[in-house]
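Each value in this text was obtained by applying a stated rule to the coordinates, not by laboratory testing. Since the structure is predicted, the reported quantities are computational estimates derived from the model, not experimental observations. In this analysis, Cβ positions are derived from the backbone assuming ideal geometry, glycine residues included, and neighbour counts consider all displayed protein chains.
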Amino acid sequence: MRLRLWGVAFVLPALLFFAFFKYGPMGWAFWLSFTSYDMLSPPRFVGIDNFASLAADPVFVQSLQNTLGYIVASTLLITLAALLLALAVSTPVPGARACMSAIFLTNVMPIIAVCLVWRFLLHPHGLVNQLLAPFGAGRIDWLTSDTTAMPAIVMVTVWRFAPYFMVVFVAALAAIPAEYYEAAAIDGARGLRRFRSITLPLILPQLFFVVVVAALLSARLFLMPYIVTGGGPGGATRVLSMLIYETGFSYLKMGRAAAISVVLFAIVLALTLAQMKLFMRDEEA
Amino acid sequence: MTTRRDFLRRTSAGAAALGVLGAPALGAAQGAPTRVPMKLTYWTWENPQQRPWQKKRIDQYTQLHPNISVEFQYFAFSDLGKKVSVGYATGTAPDGFTTGDWLMPTWLTRKLIAPLDVQQLGYGSLDAFRNDHAPAFVAGAVHEGKAYGYPLWFYGVPLHVNTKQFREVGLDPVKDEPKTWEQLGEVAKRLTIKDGSKFTRQGFKWAMHASQWTAFQFNPILLQCGGQWFDKHGKCTINNEAGVRAMTIRASIARKYGAEDPADSLATAPVPWMDWLKERCAMFSSPPIGPLAVKPINPQMEAEGYYKAYVMPGVTEDKRYSTCYGFNCVVNANASKEKQEVLHHMYRFMMSDLRDCWIATAPLTLARKSGWTELPEVKSTPNIEAFLRAKDTGVFLPRTPVWSELADALHRAVQKVMLSSGDIKQVLNEAAAEVDRATAELKKG
Amino acid sequence: MKRRLPGLRWLGLPPLAGLTLLVLLPVLWMLSTSFQASEKMFQLAMDWIPRSWHPENYPNALHRAPFPLFFFNSIVVSLVVMAGNVVFCTLAGYGLAKFRFPGDRFALLAILSTLMLPLEVTLVPTFLIVHSLGWLNTYQGIFAPLLVDAFGIFLMRQFVLGVPTDYLEAARIDGAGEVRILWRIVLPQCKPALAVLALFAYRDSWDQFLWPLAVVSRDEYRTYPLGLVRFAEDYGNPQTEQMAVAVMATVPVFVLFLLLQRLLKRGFGLTGLKG
């Protein structure tokens, strides 16, 4: 009994905190999403008006598509890049560990600095185009053309986050017993086949972890499009979190902004359900 | 001159300077409006000349009236309106603040700012106040027979050109002044230098980085083409024939004349005029630029004086006008009577030494008619005729409670046209629909 | 691998070093640009080592805006957030890993479910709550919603699961109190995980932009990201000075990273799944 109380006592502060700063606000957001509220006069109940008008609003639909596209693309590419980097720095090459630490530095740089730096690098006459020029690439307007702006933001995201997940993979790879590979070598398995039949199954839990966490990270993205492209050109990189801020704080439509929050919540909920399922499986294994 | 100014300051009679210069008689405004300690908050926007000058004047004011202290805060140009809105919603709005005059309807429709007592500002009557200011300003600041804004600066948007580059390509800076948009395009084309896909020099450059700039640059073209932002029922009409024509003109510098690089302009944000100052573009339209802005960036350009300002071109030569906009000091309707009175007093003090204002912020013109245009410092300012004409003939921005939505929608439309070769009619249809949705929601709200 | 000559291992170094250099180019560019003359920005050929050094970019930038104050604010907020996470995440993680109580499984689910509610989603109501507490324009207004993070709790729980329960039982039999057990037995074994937790809590708070943007409207409490964005928006500020500020903003996190590096190496394995 005494131990039970101690357990509750340890967990309670965090739960209270979340009740106050997470569940409470989300409940409030749900209520606000059914109201019209400009913060200057009291909220007025309007039923599903906000959602109905969102569904008919091309700007919202475009932001929703941008968000989903961004989540899918950046999650896949972050995972792929992290895995490739991990494989590269896990080779028995001298200095591989130092390379890993150096690559991890992209995670130490503040996001705001990342955004400002990449805005210059992706300038029509910036470093990226300068480096591509010898390969015959012409001028690419990375951030200002509606076909390349979103891919460019994804690229910056990958650059920033992949090295973090690389470290997760490195640890997983290091945990694979050497005997497995030796046995595979005797069987004549090499390269890709060895990767598919030994490495991949053994790092599967981490792979799932990375996919889910990267997706959660991407869903809340705000700063990169806000700073790097301002949501442009023509709304091509506007994501839901930006739309929430703009709708609420620029146009003072808090009810509508709350409705967008609920949609974003639904997306993240779907991602988290996947995550839950994964954690449970891990517990049982 | 220093001695005289020092003397004025010592006698705390900045206001008297105005009397000397023939402005409205200000009477004995020197006395403090209150003796009790008072703490005021005042918000403004970030600008390299205007923000420090406001700060300086307010500091001088609180030195004269030690019982009054002012908490001075400033925000990025595009953030100030948002911050004030949120401030009102949460009861943390400042007692006084400066606002772009295009945002006046946002405050007025919600009754957030207090009417001003023009007599406390030194005017005998509202008519005297009206007559002392540019009409475009009065239209925004006076509402239902009351004044709500006390103006600071108010300026048109002239065309700045680099005369050295004009001569280089055989143009005469006097004879070849572009008076119509076609002429501007032709001149810009001749001034352009390209190295492959890279513009070594753009002939002319529109701002691409912020919706406010997009709106004030598009505004006069739309009106010159006979267009309107809204019809009398409040429906957005930027997608009619005149709107399409205006956008076609806006796009022609890049599309028809190949004289600008909009992608470069946007990517080089937030420096729309830096390229002109660094001579990477030959012509640019912006609020008045003078020695204070030129010298720190390009000392040679300033020393040799090879720049010039014209009034903006028009659809035809008789329709040469630009947008005219400015900044008002306003008073929070929720501030106490005493605070409101002190703010009147402080605003009047701030604008009571227009010579000092001009020296610190030239050539940004002032909304007031009296008291400064005859100053020798003003008369000797390069290009002052063009700046004054741009101010006096300017048209104002649409004054609407959905201004933010309107400017953002237009900004997206311009980006789609300039960067993604969007179809002009279709893009404007989308923008008009967005604005109409915002209007409908405001009515419902 | 054993069959290969040891010298062959060196053959892998050039491509790996090349890859590392490629990944780090933006960081090097930032460093180099922060010392360049401002006209050098978009020149066709980049001089990675500046032809002429301009260290004055740093003091100049600091003079144009109250950056020392902004950095101070950021450090205060980030340190509090770091401390809050270290304390509360450790407590909760320990409680969830080593104690059975009614609803413990539900508590874990409830905590993990907050991952669905990042500040970006609950921005509007959280703002209204902080306002109703009178915390706009205060330090507590900025750090309060960041004090506990579900990731931290999960990380600590996973790690504490790996601490043998026998140790705890033995201590209890010896009559040690629960707080003492946590302090003397559990914590010393958790140092790598604590290092990871501290670094990421600090960095995430250091990176916050949207939340301070919403709750702060006074220079006194402005954190450096707000100052840097305002700085970057001002026409007059050279881009080389923006990079100088960006470098200065990188330093504190980098220092923390170096300080914790030894522990981090052991801790990183845990940010994956198993302890």
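What to note about this one:
- For peptide A:94-104, the mean count of partner chain Cβ atoms within 10 Å of a residue's Cβ comes to 5.
- Three-way shape label, the stretch A:57-284, alpha-carbon gyration tensor, a/c 1.5: oblate
- Cα-based Kirkwood hydrodynamic radius, the protein assembly as shown, one decimal, Å: 30.9
- Look at the dipole of chain B built from charges on Cβ: of B:THR237, B:PRO178, B:LEU64, the Cα furthest out on the positive end belongs to B:LEU64.
- When the Cα positions of C:LEU133, C:LEU147, C:LEU24 are compared along the charge dipole of the stretch C:20-161, C:LEU147 comes out farthest toward the positive end, with charges on each C-beta of Lys, Arg, Asp and Glu.
- Cα-based helix-to-principal-axis angle, A:58-89 vs chain A, degrees rounded to 10: 20
- Anisotropy class of chain B from Cα gyration tensor, a/c 1.5 cut: oblate
- Taking the centroid of alpha carbons for each part, the stretch A:1-74 and the stretch C:71-128 are 17 Å apart.
- Calculated mean residue ellipticity at 222 nm for chain C: -20000 deg cm²/dmol, from DSSP H runs with n ≥ 4 weighted as -39500 (n - 2.57), summed, divided by the residue count and rounded to 500.
- Selection from A:LEU143, A:ALA266, A:VAL168, by position along the positive dipole direction of the stretch A:57-284 (Cβ): A:LEU143
- C-alpha long axis of helix C:224-233 to longest principal axis of chain C, angle in °: 30
- Partner shielding of B:409-420 amounts to 5, given as the average count of beta-carbon atoms from other chains within 10 Å of each residue beta-carbon.
- A Cβ-based charge dipole, computed about the Cα centre of the stretch C:56-271 with Lys and Arg at +1 and Asp and Glu at -1, lands at about 680 debye.
- For the peptides A:166-177, A:243-254, residues were scored by their other Cβ atoms within 10 Å and the scores averaged per peptide; the highest-first order is A:243-254, A:166-177.
- The protein assembly as shown, dipole about Cα centre (Lys/Arg Cβ +1, Asp/Glu Cβ -1), debye to the nearest 20: 1500
- In this Cβ point-charge picture (+1 for Lys and Arg, -1 for Asp and Glu), the stretch A:57-284 has a dipole of about 260 debye about its Cα centre.
- Among A:THR75, A:THR67, A:THR148, the largest mean-square fluctuation in a Gaussian network model of chain A, built with springs joining Cα atoms closer than 10 Å, belongs to A:THR148.
- Gain upon complete extension [B:ASP195, B:GLN300; 0.36 nm per residue less C-alpha separation]: 35.3 nm
- If you take the Cα centroid of the stretch A:144-190 and the Cα centroid of the stretch B:226-291, the two points sit 46 Å apart.
- Where a label projected 7 Å from the Cα of C:LEU11 along Cα→Cβ would reach, residues of the stretch A:176-210 with amide N under 16 Å: A:191
- R0 of 51 Å, Cβ-Cβ distance A:ALA274-B:ARG130: FRET efficiency to nearest 0.05: 0.20
- Gain on full extension, evaluated as 0.36 nm per residue between B:VAL36 and B:HIS233 minus their Cα-Cα distance, stands at 65.9 nm.
- When shorter helices are ignored and each DSSP H run of at least 4 residues is given -39500 (n - 2.57), the per-residue value for chain A at 222 nm works out to -20500 deg cm²/dmol.
- Highest average packing first - B:156-165, A:9-18, Cβ atoms within 10 Å: B:156-165, A:9-18
- With 19 Å as the limit on Cα-Cα distance, the pairs of B:LYS179/B:LYS416; A:LYS277/C:LYS191; B:LYS164/B:LYS295; B:LYS83/B:LYS337 that go past it are B:LYS179/B:LYS416; A:LYS277/C:LYS191; B:LYS83/B:LYS337.
- Relative packing of B:337-343, A:109-115, B:386-392, C:103-109, which averages over residues the other C-beta atoms within 10 Å, highest first: A:109-115, B:386-392, B:337-343, C:103-109
- With helices as the sole contributors, chain B gives -13000 deg cm²/dmol at 222 nm; each DSSP H run of n ≥ 4 counts as -39500 (n - 2.57), and the sum is divided by every residue.
- Local electrostatic count at B:ALA333 - Lys and Arg +1, Asp and Glu -1, tallied over other residues with Cβ under 13 Å: +4
- Take each residue of peptide C:240-252, count the partner chain Cβ atoms within 10 Å of its Cβ, and average: the result is 3.
- Ascending count of other beta-carbon atoms within 10 Å, so fewest first, for B:HIS233, B:HIS65, C:HIS63: B:HIS233, C:HIS63, B:HIS65
- Net charge of neighbours whose Cβ lies under 13 Å from the Cβ of B:PRO151, counting Lys and Arg as +1 and Asp and Glu as -1: +3
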